[in-house]
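What follows is a short report on a single structure.
The values are calculated or read from the model by the stated rules, or taken from the named source; none is laboratory data. This is a predicted model, so every value here is computed, not measured. Backbone-built Cβ (ideal geometry, glycine too); neighbour counts: all protein chains shown. Please note that ligands, DNA and RNA were not included when accessible areas were found on the heavy atoms of the full protein model with its side chains. Shrake-Rupley method; radii C 1.70, N 1.55, O 1.52, S 1.80 Å.
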Amino acid sequence: MLKKISLLLLYVSFTCFAFAQGIQSPSEFLGYKLGSQFTAHFRIVEYFKYVATASKNVKLLQYGTTNEGRPLIAMFIASDENIGRLEEIRQHNLSLAGLSSNNTTLTNMPVIVWLSYNVHGNEPSSSEAAMQALFEMANTANVRTQPWLKNTVVVIDPCLNPDGRERYVNYYNSVKGATPDADPSSREHSEPWPGGRVNHYYFDLNRDWAWQTQKETQARVGLFNQWLPHVHVDFHEQGYNSPYYFAPAAEPFHKDITAWQREFQTIIGKNNAKYFDQNGWMYFTKEEFDLLYPSYGDTYPIYNGSIGMTYEQGGIAAGLTIATRSGDTLTLVDRVSHHLSNSLSTIEAASANSAKALDQFKKYFDDSRSTPPGEYKTYVIKNDNADKIEMLLKLLYRNGIKYGRGEKSSATGYNYITGKTEQFNIDRHDVVINAYQPKSVLLNVLLEPKTFIADSNTYDITAWSLPYAYGLKAYGVKESIKPVAVTDVALLPPPPANRPHAYAYVSAWRSVYDVKFLAELLKKNIKVRSAEAPFEAGGKKFAAGSLIITRAGNNIENFDNIVLGAANECNRELTPLNSGFVDKGADIGSRFIRFVHSPKVMLVTGDGVSAEAMGEVWHFFEQQINYPITLVRYRDLNRIRWIDFDVAIFPDGLYEDLPADKLQNWVHDGGKLIAMENTVSLLVDKKGFSIKNLPADKHGKEDTTLKNKPEMIKLYADRDHESIRSSVPGAIYKLDMDNSHPLGFGLDKYYFSLKLNDVLYSYLGDDGWNVGTVKKNAYIEGFVGQKAKEKIKDGLLFGVQSLGRGSVVYMVDDPLFRSFWENGKLLFSNAVFMVGQ
């Protein structure tokens, strides 16, 4: 006991000594001047841990880890009074939003300011600034900052993307000379592929806030929604020739953004400008960075009641120093100073306006519950596909959006599929989402069938409505319909227990969950067949693509246990058949029941490949269906054994000297080439490939008689808007889908595709199948420039060409876009597993 007391006194003495001595600055702790070199992520974490032990006014939280095992941390900084009641503050804040039943009355509620740094790994100056911001706020001797903490809780997340940051920093440190070279042509200013911007799976984490497809985002947004800060800043860097950008943001603003959210952006912006003016630093506002797409680090907080803002320092590829176009030299010290100034200025402005910020925060959520925005007060999602419904409900649940199930009744609403208002029936297992709830703004933004766009010159996609992304039938109803409450994510009970000892087992093919089940069987060396056409057996109807696992051909011990175990693991319902003689359609032994071979899959990576497009495929195989895939660098294609691979996936990219002849020979001998997005254009007019550009007259002939008319003279001031006449910054089109073809198995006779450009091709001839085609009047929602809209009609977007014993799959649009376009995952899986079997 005496020893324990001595150790305790020693710890207390050490802690008191540390507090008495004050906190070391980052420069003192690291042993070098902040900004003189890049700090490794583990050292940033060590500094935050050090401050957590040296200050009594902070609380450090590790809220997750990255794919590569690095910690994700957040530091809470508050006054003596508030640091001990953080949980009370959190609960009270959620009660203000109507999201907590805890009715704790809290006097002197502080405003919560959340600062997020370094979401793009190769924009590293903000993590350096985060350390200095922590020091300035935690240092009790700082007479400027300490008064702010009387009514403010500050949260600092120093690095949202540690894996990407380390990729950039490690590369830079490995190539810089003894003296940093400011010449932009120096190799230290040119990152190798894939660059540090993205995370481990090459995803842009600043496009993932709402979708939460990535491990880092799921952890971060989970923590964010437990707090719902009143102010959130996302710190970035842009091209090094640009001056600093801070709010207020550019148009278009989403129409649901409130007047106060606009006003407070301006208040904070003017406070930022005050310090930039004092230092003679250049900056701009109200340009380029808009507030529309819901999955940014500024818009997602805004749609959750915060004042969300992006701050952009010039500095991408700048290293430690770089010569700018204006003749100046930009250093890492400069970049850190600018980010630090705005970090502190934002806290200062929030503290000065804390009372109004809290009042407006409460009003935001009061209004959400009493007068929700948008035309529709209820959304009804038809439960025609339980798997997709479950995926959607998981997303709603993670975002704090309340839902329930329906009761048998009828209603009138906007049909997302037909685009018409019509009467429909609501069934017990349909999803009913009432807009009178705290998260009604986010609900409306994510589900509204058409997003109003005040200014078409936007920074990202302009369409994302979830029913289209998930391929679900939905209705928007103008009246309020109260759902029946549910206590679980799923609306349907789990499938019944699977019975063993059958002639064959049949499983549906309707979602990515079924793909995962197939992958599990193939990895266990179970032979699987697929129905080429619909059939009926055992009193049930089965669609084309249904998986059939027969005892015949699977002469292995524990066959039933292996199949049923995989089905239970993947939560799949199997229908046992006692005979191969079916009630209707092809019998199980028919030639129309095809083997699904276990393919050896190659994914092309490296220079020339879009890292994010490649990452979507990589993540899909490894994290979603758990099926092996081999990553091969493009430059190594001439040395690999092509005969070892059955499928080659070429993601979007700018491939120099695409080996079309080699690809053609390999396909001819039985290989399957999946050409995605721009890769398709590189096969046009290549020997053996049937893909052709649309004839010139399909694009609309130019009226040369207009060239010399005065009204056709363009104004220089209109150049930005003139350029977007041919732009398609993410719009939804309804495609005709041939779901009798293996590429369309499991899909409806239509498919909603997210178009990112105006590219489409001529229909394939006799050696091909036009599976996904766009006709006239196929546009659904999102901005499309007038010239582009005239082009996008009567052409091919998804098709299959037979070539010798192999196949070429043309995928002009991206079916895996940012991994949130759920309906495209089955389409892509068909290309991998079903086509060519």
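Inspect region 371-388 for any residue being closer than 24 Å to VAL728 by Cα, open to solvent by 10 Å² or more (accessible area, probe 1.4 Å) and touching a residue at least 24 places away in the same chain (Cβ under 8 Å) and give the result as yes or no. Outline the logic, then answer.
We begin by selecting, within region 371-388, every residue closer than 24 Å to VAL728 by Cα; these are none.
The answer is no; no qualifying residue exists.
Scanning region 236-267 for residues that are modelled with pLDDT under 95, among the hydrophobic types (A, V, I, L, M, F, W, C) and open to solvent by 40 Å² or more (accessible area, probe 1.4 Å) turns up nothing.
Evaluation of THR421 against the conditions (1) open to solvent by 10 Å² or more (accessible area, probe 1.4 Å); (2) within 26 Å of GLY222 (Cα to Cα); (3) out of contact with any helix residue (DSSP H, G or I) (no Cβ under 9 Å at 6 or more places or on another chain) shows that the sole unmet condition is (2).
Return yes when GLU612 is surrounded by 17 or more Cβ atoms within 10 Å (Cβ to Cβ), over 30 Å from TYR202 (Cα atoms) and acidic (Asp, Glu) and no when it is not. Please lay out each step first, then the result.
Working: surrounded by 17 or more Cβ atoms within 10 Å (Cβ to Cβ): yes; over 30 Å from TYR202 (Cα atoms): no; acidic (Asp, Glu): yes.
For GLU612, the condition - surrounded by 17 or more Cβ atoms within 10 Å (Cβ to Cβ), over 30 Å from TYR202 (Cα atoms) and acidic (Asp, Glu) - is not met.
Scanning region 627-649 for residues that are out of contact with any strand residue (DSSP E or B) (no Cβ under 7 Å at 6 or more places or on another chain), within 21 Å of GLN837 (Cβ to Cβ) and not acidic (Asp, Glu) yields a total of 4.
When you go through SER368, SER343, SER354 one by one, which is the residue that is in contact with a His (Cβ under 9 Å, 6 or more places away or on another chain), of a type in the set (S, T, N, Q) and buried (at least 20 other Cβ atoms within 10 Å of the Cβ)?
Values: SER368 fails: in contact with a His (Cβ under 9 Å, 6 or more places away or on another chain); SER343 fails: in contact with a His (Cβ under 9 Å, 6 or more places away or on another chain).
Every option except SER354 fails the conditions.
Among the numbered conditions (1) in contact (Cβ under 8 Å) with a residue 24 or more places away in the chain; (2) buried (at least 21 other Cβ atoms within 10 Å of the Cβ); (3) of a type in the set (Ser, Thr, Tyr), the only one that THR217 does not meet is (1).
Scanning region 780-820 for residues that are open to solvent by less than 10 Å² (accessible area, probe 1.4 Å), aromatic (Phe, Trp, Tyr) and over 20 Å from HIS741 (Cβ atoms) yields a single hit, PHE820.
Just to be sure, is ILE433 under 28 Å from TYR750 (Cβ atoms), of a type in the set (Val, Ile, Thr) and in a loop (DSSP other than H, G, I, E, B)?
Numbers: under 28 Å from TYR750 (Cβ atoms): yes; of a type in the set (Val, Ile, Thr): yes; in a loop (DSSP other than H, G, I, E, B): no.
For ILE433, the condition - under 28 Å from TYR750 (Cβ atoms), of a type in the set (Val, Ile, Thr) and in a loop (DSSP other than H, G, I, E, B) - is not met.
Among the conditions (1) in a loop (DSSP other than H, G, I, E, B); (2) on the phi < 0 side of the Ramachandran plot; (3) not acidic (Asp, Glu), the only one that GLY308 does not satisfy is (1). Exactly one residue out of SER530, SER511, SER546 is open to solvent by less than 30 Å² (accessible area, probe 1.4 Å), closer than 25 Å to TYR470 by Cα and touching a helix residue (DSSP H, G or I) at 6+ places or on another chain (Cβ under 6 Å): that is SER511. When the residues of region 278-291 are filtered to those that are in a loop (DSSP other than H, G, I, E, B) and touching a helix residue (DSSP H, G or I) at 6+ places or on another chain (Cβ under 7 Å), the one that is surrounded by the most Cβ atoms within 10 Å (Cβ to Cβ) is THR285. When LYS270 is tested against (1) crowded, with 19+ Cβ neighbours inside 10 Å; (2) without any contact (Cβ under 8 Å) to a residue 12 or more places away in the chain, only condition (1) is not met.
Considering only region 106-115, I want to know if a residue exists there that is among the polar types (S, T, N, Q) and either in contact with a Pro (Cβ under 8 Å, 6 or more places away or on another chain) or without any contact (Cβ under 8 Å) to a residue 12 or more places away in the chain (or both). Show your work before the answer.
Keep residues of region 106-115 that are among the polar types (S, T, N, Q), which gives 107-108.
Subset that is either in contact with a Pro (Cβ under 8 Å, 6 or more places away or on another chain) or without any contact (Cβ under 8 Å) to a residue 12 or more places away in the chain (or both): 107.
Yes, because at least one residue in region 106-115 is among the polar types (S, T, N, Q) and either in contact with a Pro (Cβ under 8 Å, 6 or more places away or on another chain) or without any contact (Cβ under 8 Å) to a residue 12 or more places away in the chain (or both).
If you go through region 622-646 and keep only what is assigned to a helix (DSSP H, G or I) and of a type in the set (Phe, Trp, Tyr), you end up with TYR634, TRP642. Right, ILE649: assigned to a loop (DSSP other than H, G, I, E, B), of a type in the set (Val, Ile, Thr) and under 27 Å from LYS523 (Cβ atoms) or not? So ILE649 does not fit the description; no. Checked against (1) within 30 Å of ASN206 (Cβ to Cβ); (2) crowded, with 20+ Cβ neighbours inside 10 Å; (3) not aromatic (Phe, Trp, Tyr), GLY746 passes all but a single condition, namely (1).
Condition test on GLU191, is it under 19 Å from GLY121 (Cα atoms), at pLDDT 95 or above and open to solvent by 40 Å² or more (accessible area, probe 1.4 Å)?
Working: under 19 Å from GLY121 (Cα atoms): yes; at pLDDT 95 or above: yes; open to solvent by 40 Å² or more (accessible area, probe 1.4 Å): yes.
It is true that GLU191 is under 19 Å from GLY121 (Cα atoms), at pLDDT 95 or above and open to solvent by 40 Å² or more (accessible area, probe 1.4 Å).
Counting the residues of region 298-338 that are among the basic types (Lys, Arg) and surrounded by 20 or more Cβ atoms within 10 Å (Cβ to Cβ) gives 1. Against the condition in contact with a helix residue (DSSP H, G or I) (Cβ under 9 Å, 6 or more places away or on another chain) and closer than 30 Å to ASP766 by Cβ, how does ILE629 come out, does it pass? No; evaluated as a whole, the condition is false for this residue.
Among the residues of region 738-790, those that are touching a residue at least 40 places away in the same chain (Cβ under 8 Å), of a type in the set (A, V, I, L, M, F, W, C), in contact with a Leu (Cβ under 9 Å, 6 or more places away or on another chain) and not in a loop (DSSP other than H, G, I, E, B) comprise LEU743, PHE752, VAL774. Can you go through LEU392, LEU443 and tell me which one is assigned to a helix (DSSP H, G or I), closer than 30 Å to SER507 by Cβ and in contact (Cβ under 8 Å) with a residue 40 or more places away in the chain? Testing whether each residue is assigned to a helix (DSSP H, G or I), closer than 30 Å to SER507 by Cβ and in contact (Cβ under 8 Å) with a residue 40 or more places away in the chain leaves just LEU392.
Within region 203-236, being of a type outside the set (D, E, K, R) and within 11 Å of the chain's Cα centre (by Cα) holds for PHE203, LEU205, ASN206, TRP209, ALA210, TRP211, GLN212, THR213, GLN214, THR217, GLN218.
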